[in-house]
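Right, one structure below, let's go through it.
The values are calculated or read from the model by the stated rules, or taken from the named source; none is laboratory data. Not measured: the values here are computed from a predicted model. A quick note on method: Cβ atoms are made from the backbone with ideal geometry, for glycine too, and the neighbour counts reach across all protein chains shown. Surface areas here come from the heavy atoms of the whole protein model, side chains and all, with no ligands, DNA or RNA. Shrake-Rupley method; radii C 1.70, N 1.55, O 1.52, S 1.80 Å.
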Amino acid sequence: MILEPCYRLAQNRVWRTYPGGRTLDEIEGVAKPADTHFPEDWLLSTTAARNVGREKFPDEGISRVVTSSGELPLTELAARFPEELFGKAHREKFGNSAGFLLKYLDSAIRLHMQCHPSVPFARRFLNSPFGKTEGYFILAIRPECEGYIYLGFQRTPEYGAFKRAVETQDTEAILAGFDRIPVKPGDCFYVPGGIPHAIGEGVFMVEMMEPTDFAVRIEFERGGYRLPESARFMGRDVDFALSMFDFTARDLRQTREEFFVEPLSLPIEGDAKRFSLFDRRKTSCFRLERILLDGSAAVVHNAFRVLIVTRGTGKLFCQDRTLVLRQYDRILIPHRVPELRLSGNLELLVAMPPE
């Protein structure tokens, strides 16, 4: 077996506590698309999902690559070709972890109000070098939905009252400190560890994050499913959960200035525009670029990466391999292949680990 110059990534639906996934069914060509408890497709993952009650699926969430001889877990590919796939510097820092987790997320309901750990919190309390800073790129909003998120407090609650609201599940009191933040296709923003947040109903997006599945949820029932106690506060108590929270109040203007991303133009050779979205301006946890192609172009990267086709059709020329690209395709490119050539009318996202 040799390391190929590019791989398609297989569909990888993962069970979650909230319903969704109808859009993913449509993409996959399911005869009767429906919202179920498989609302996410983990595009690139060396991280297993943490689902209470589903311990009999220990590899749930691990990506599979489509090789010339069949499908193979990404973790096995990484074990066979670690430096060719990830690069020497990446392996010295992250070992055989991809260093980030990449998903499609398709929500049918508003998700639980939740929070993820920062790196310092994860190191201190969870024995992990990774927290769970996240980044979102909005692809679509269902026509019947308005498109919004909750993102950090706009009004800081009194701690004791907020704790009681969580303990008694007083949803109105829990949400009183938050305003809905409107979002639309093309919006890009990040959620640092410690920032409470919730995705609104009908949002379809690409989600990047640090390679963990850590979360505390302060709402216990959404969409008819009640979280087991061990799935609420990561097996701890409410004070542990709330110690993860940043209670800073930010108005709408401050929220957008701090967390939303303005594209930064980058050089590219050919008939294309290239922009950096996630980079050190906002986070050092992962990188994301966007390429708008109308013709042909060549681009060089210094990392392994995943291409996600968000619109259009075209071709990818990768060493001696040519792939036809269509909307929602996802392609893994190893580190050892620095230059890609593209043709067609395409919009792409390029997801990469930290520098």
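For GLU355 and GLU221, FRET efficiency with R0 = 35 Å and r from the beta-carbon atoms, rounded to 0.05? Efficiency at R0 = 35 Å is approximately 0.25. To the nearest 0.05, how large is the calculated FRET efficiency for THR313 and THR67 if R₀ is 30 Å and r is the Cβ-Cβ distance? The formula returns an efficiency of 0.80 here.
Extension gain, ASN345 to GLU229, is 36.9 nm, computed as 0.36 nm per intervening residue step minus the present C-alpha separation.
In this rough spin-label picture, where each label sits 7 Å from Cα along the Cβ direction, the LEU126-ALA161 distance is 3.0 nm.
Using only alpha carbon pairs under 8 Å that are at least six residues apart, calculate the relative contact order of segment 213-255 and give it in whole percent. Answer for segment 213-255 is 31 percent. The amide H of GLY61, built 1.01 Å from its N in the peptide plane, has ALA49 as neighbours under 5 Å, considering only residues 5 or more places off or on other chains. Other residues with beta-carbon under 11 Å from the beta-carbon of TYR136 carry, at +1 per Lys or Arg and -1 per Asp or Glu, a net charge of -2. Ordering 6-16, 158-168 by mean Cβ neighbour count within 10 Å, with the highest value first, yields 6-16, 158-168.
Label segment 96-245 by shape, choosing from rounded, prolate and oblate, from the square roots a ≥ b ≥ c of the eigenvalues of the Cα gyration tensor; if a/c is under 1.5 it is rounded, and otherwise prolate applies when a/b is larger than b/c, oblate when it is not. Note, shape of segment 96-245 comes out oblate. Simple rule: put +1 on each Lys or Arg Cβ and -1 on each Asp or Glu Cβ in the chain, find the dipole, and look at PHE189, GLY61, PRO338; the Cα lying farthest toward the positive end is PRO338.
The length gained by stretching the chain between PHE240 and GLU172 to full extension, at 0.36 nm per residue less their Cα-Cα distance, is 22.3 nm. What list of whole percents do you get for P(r) of the chain, with Cα-Cα distances grouped in 10 Å bins up to the one holding the largest distance? Over the chain, the share of Cα pairs per 10 Å bin runs 5, 25, 35, 24, 9, 2, 0 percent. Dipole check for the chain: with +1 at the C-beta of Lys and Arg, -1 at the C-beta of Asp and Glu, and the Cα centre as origin, the magnitude is about 400 Debye.
The long axis of helix 159-168 is offset from the longest Cα principal axis of the chain by roughly 80 degrees. Sparse packing (at most 14 other Cβ atoms within 10 Å of the Cβ) combined with a DSSP loop state is found for the following trypsin sites (Lys or Arg not before Pro) in segment 30-136: ARG54, LYS56. The charge dipole of segment 175-293, taken about its Cα centre with unit charges on the Cβ of Lys, Arg, Asp and Glu (plus for the first two, minus for the last two), comes to roughly 200 debye. As a length-normalised measure over Cα pairs under 8 Å and 6 or more apart, the relative contact order of segment 1-42 settles at 46 percent.
Per residue, the solvent-accessible area of segment 1-146 (1.4 Å probe, heavy atoms of protein chains only, all protein chains present) comes to 43 Å². Taking a point 7 Å from the Cα of THR248 along the Cα-to-Cβ direction, the residues of segment 188-212 with backbone N closer than 19 Å to it are 189-198.
Here LYS132 is the anchor, and the lysines within straight C-alpha reach of less than 20 Å, apart from those fewer than 8 places off in the same chain, are LYS93, LYS103, LYS282.
Taking 16 Å as the cut-off, the amide N atoms of segment 1-42 that come nearer than this to a point 7 Å along the Cα-to-beta-carbon line of ASP320 belong to 1-7.
Per-residue ellipticity at 222 nm from helix content only, as computed over the chain with -39500 (n - 2.57) for each DSSP H run of at least four residues, stands at -4500 deg cm²/dmol. Lone cysteines in the chain, going by a 4.7 Å Cβ-Cβ cut-off? Cysteines of the chain left without a disulfide-compatible partner: CYS115, CYS145, CYS188, CYS285. In segment 35-175 the Cα-Cα distances spread across 5 Å bins starting at 0 as 2, 7, 11, 16, 17, 17, 13, 8, 5, 3, 1, 0 percent of all pairs. In percent, rounded to a whole number, the relative contact order of segment 149-228 is 40, using alpha-carbon pairs under 8 Å and six or more apart.
In this structure the amide hydrogen of ASP271, modeled in the peptide plane, comes within under 5 Å of the amide hydrogens of SER296, ALA297, none closer than 5 places in sequence on its chain.
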